[in-house]
Amino acid sequence: MHKLSRKKQMGKHILICITTIIILLTFCDAIALPPPGYIEETKAKADLIIIGKTTNINSIVDIKSYELFSIGINPIVVLKGKIPEKSKQKDRDSTLYLLFSRIEEPTDKGNGKIIAVDIVGPTLPQPKEEETILIFLIKHLKEGCFGVASGSCGYIHLDTDSTEELIELKKEIELYREWCRQIKNVELSKAMDSYYQKTLDFLEENNRRKRCKN
């Protein structure tokens, strides 16, 4: 079940990215979606960029009267920024927290509640518990909490269950590398490219360890 969902998710995510590029090239002046270079520049300016492991998802209802959710993140590799002091966190099981919203399923009357969030990207991120991610984080006013830069483009699932899935994931990361070359600021562009290269190195090392165990 997990394999099917992973393949489906990867295929859908890559399709969204490719479709976005095609539409932007054809109708750039007529739509509101930002171009790929702008999406990557937004990610490059994130306060914290990490490879991490997610923990538990919890509901939060006390922020601006919106129903939000939080998921704990424990960093594995810090690519940019400084991790908040763990001593300041209420929940010691997590180092920092991501705040996000979900689109609820429509009711029998056809109504669904959509909660607005501050993102720049084609779709909302979809955090899950106990997964490895590459994530681009923006500080939230709530101490120790963050939002995702560039929506789903700033929340990249890194877990794979097969060689085929690993190849698909590498293709997705290479697509983002192509996007970051459109950033006009050369330093930011090079920095982003290095983050993606380090992510690929991380995937290779993980894959090597899996082979050694088997």
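The values are calculated or read from the model by the stated rules, or taken from the named source; none is laboratory data. None of these values were measured; they are calculated from a predicted model. Cβ atoms come from the backbone with ideal geometry, glycine included; neighbour counts cover every protein chain shown. Note: areas computed on protein heavy atoms with side chains; ligands, DNA, RNA excluded. Shrake-Rupley method; radii C 1.70, N 1.55, O 1.52, S 1.80 Å.
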Per-region count, the stretch 71-101, residues at pLDDT below 80 and either in contact with a helix residue (DSSP H, G or I) (Cβ under 7 Å, 6 or more places away or on another chain) or surrounded by fewer than 17 Cβ atoms within 10 Å (Cβ to Cβ) (or both)
8
Checklist (1) hydrophobic (A, V, I, L, M, F, W, C); (2) modelled with pLDDT under 95; (3) touching a Leu at 6+ places or on another chain (Cβ under 6 Å) applied to residue 153, failing item
(3)
Residue among 167, 173 that alone is touching a helix residue (DSSP H, G or I) at 6+ places or on another chain (Cβ under 6 Å), free of Cβ contacts under 8 Å to residues at least 40 places away in the same chain, over 14 Å from residue 97 (Cα atoms) and assigned to a helix (DSSP H, G or I)
173
Take the residues in the stretch 135-157 that are hydrophobic (A, V, I, L, M, F, W, C), within 17 Å of residue 82 (Cβ to Cβ) and assigned to a strand (DSSP E or B); name whichever of them is most open to solvent (accessible area, probe 1.4 Å).
138
Would it be correct to say that residue 53 is open to solvent by less than 90 Å² (accessible area, probe 1.4 Å), among the basic types (Lys, Arg) and modelled with pLDDT of 90 or more?
yes
Selection over the stretch 26-37 where residues are more than 16 Å from the chain's Cα centre (by Cα) and either modelled with pLDDT of 55 or more or crowded, with 18+ Cβ neighbours inside 10 Å (or both) yields a count of 5
Condition set among the polar types (S, T, N, Q) and in a helix (DSSP H, G or I), scope the stretch 191-214, selection farthest from residue 169 (Cα to Cα): answer is 194
Regarding residue 118, is this residue within 23 Å of residue 41 (Cβ to Cβ) and modelled with pLDDT of 95 or more?
no
Quick test for you: out of 68, 124, pick the one residue that is at pLDDT 60 or above, buried (at least 17 other Cβ atoms within 10 Å of the Cβ), of a type in the set (A, V, I, L, M) and in a loop (DSSP other than H, G, I, E, B).
124
Subset tally (residues that are surrounded by fewer than 17 Cβ atoms within 10 Å (Cβ to Cβ) and touching a residue at least 12 places away in the same chain (Cβ under 8 Å)) for the stretch 179-190:
5
